[in-house]
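A quick write-up on the structure given underneath.
Where a number appears in this text, it was derived from the coordinates with a stated rule and is not lab data. Computed from a predicted model, the values in this text were never measured in an experiment. As a convention, Cβ positions derive from the backbone with ideal geometry for all residues, glycine included, and neighbour counts pool all protein chains shown.
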Amino acid sequence: MQKHSIKEDWIAILTGTFLTAQGIFFLQSANLITGGTAGLSLLLSQLIPFSFGTFYFFTNIPFFILGWRRFGFQFAVNSIVSCGLVSVFVDHLDMVISIESVNAIYCAIAGGLLMGLGMLILFRHRSSLGGFNIFCLLVQDKTGISVGKTQLGIDSTILVASFFFITPTILAISVLGAIVLNIVLGMNHKPARYTVTYS
C-alpha cells in the first residue's frame, strides 16, 4: 500500500485532532467521561482544579516513550504533536463555542463518534493520541487483535473504576459514548484491511 505523503500526514493530524477535541468537548459539556487517558483526564479535571489539557498531556508522556521505542521516532513525534493539539483545542474551545442546553445522551453519542473518527484518522497517518492508543496499536501489531477490542477492554475497566466518583446515570451514559467510540474503531481499523507502516 502506498504511503501517505508528509503533507497528507500533517493535514490528517490537524483534522483528526480537531474532530477528537470536538468529541471531548461534547463529553465535557455533559460531565461525561470516557476510557483511556482522556477519560482519566476528564475525571481528574472534575475533581482537581487543573484543565483537561494539562492532565491529558502529562499523563501521556510515558506512552510517547513507548511509542518511540516500538514504532519509531516519526510516530512518537506525530503522537506528541497530536496530543498537544488536542490539549490546546479542548482547553480553548469554550472561546468559540458554548452549549446552553445539554442532552447527555446526545453528547455521549456525538462525542463517541467524533472521537472515534478523529482517532481513526490519526491511526492511519502514523500517529495516535498517546496513552492506551499506543498500547492498543502495539497489541494489534503483535497479536492481530484489533485496536477497538483492546481499547474496549481498557475503557470498560476505567469506567467501572469511575463508579466511585460519578453518579450511576452519568456512568451509564458515559458507557454508551465509549461503546460508540469503540464500534467506530472496531469496524474501521482492522489489521487485514489497512496496514500502516511505521518507520
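What to note about this one:
- Calculated [θ] (222 nm, deg cm²/dmol) that DSSP helices of n ≥ 4 give over the chain, each run adding -39,500 (n - 2.57): -24500 deg cm²/dmol
- Estimated distance in nm for a label pair at Tyr106 and Phe50, the labels positioned 7 Å out from Cα along Cα-to-Cβ: 3.4 nm
- Averaging Cα coordinates gives a centre for region 107-132 and one for region 30-50; these two points are 17 Å apart.
- Residues listed by number, region 37-60, amide nitrogen under 16 Å from Ser98 label point at 7 Å toward C-beta: none
- Principal semi-axes in Å for region 20-77 [√(5λ), Cα gyration tensor, largest first]: 25, 12, 9
- Note on the chain: lysine pairs with Cα distance below 22 Å, sequence gap of 8 or more or different chains, count 4.
- The GNM of the chain, with springs linking C-alpha atoms under 10 angstrom apart, assigns the highest mean-square fluctuation among Ala110, Ala38, Ala161 to Ala161.
- Site pair Ala161 and Phe58 shows an inter-label distance of 1.8 nm when each label is modelled 7 Å from Cα along Cα→Cβ.
- When each full DSSP H helix of the chain is screened for a Cα extent of at least 18 Å along its own axis and an average Kyte-Doolittle hydropathy of at least -0.5, the helices passing are 6-29, 52-71, 73-92, 104-123, 131-143, 147-161, 168-188.
- Global geometry of region 64-112, whether rounded, prolate or oblate, following the gyration tensor of its Cα atoms and the 1.5 cut on a/c: oblate
- Label-point separation in nm, Arg69 to Thr143, each point 7 Å along Cα→Cβ: 1.9 nm
- Rh by Kirkwood over Cα pairs, then Stokes-Einstein D for region 1-157 at 1.567 mPa s and 4 °C, µm²/s: 83 µm²/s
- Paired Rg and Dmax values of region 72-199, which use every Cα atom, in angstrom: 15.6, 46
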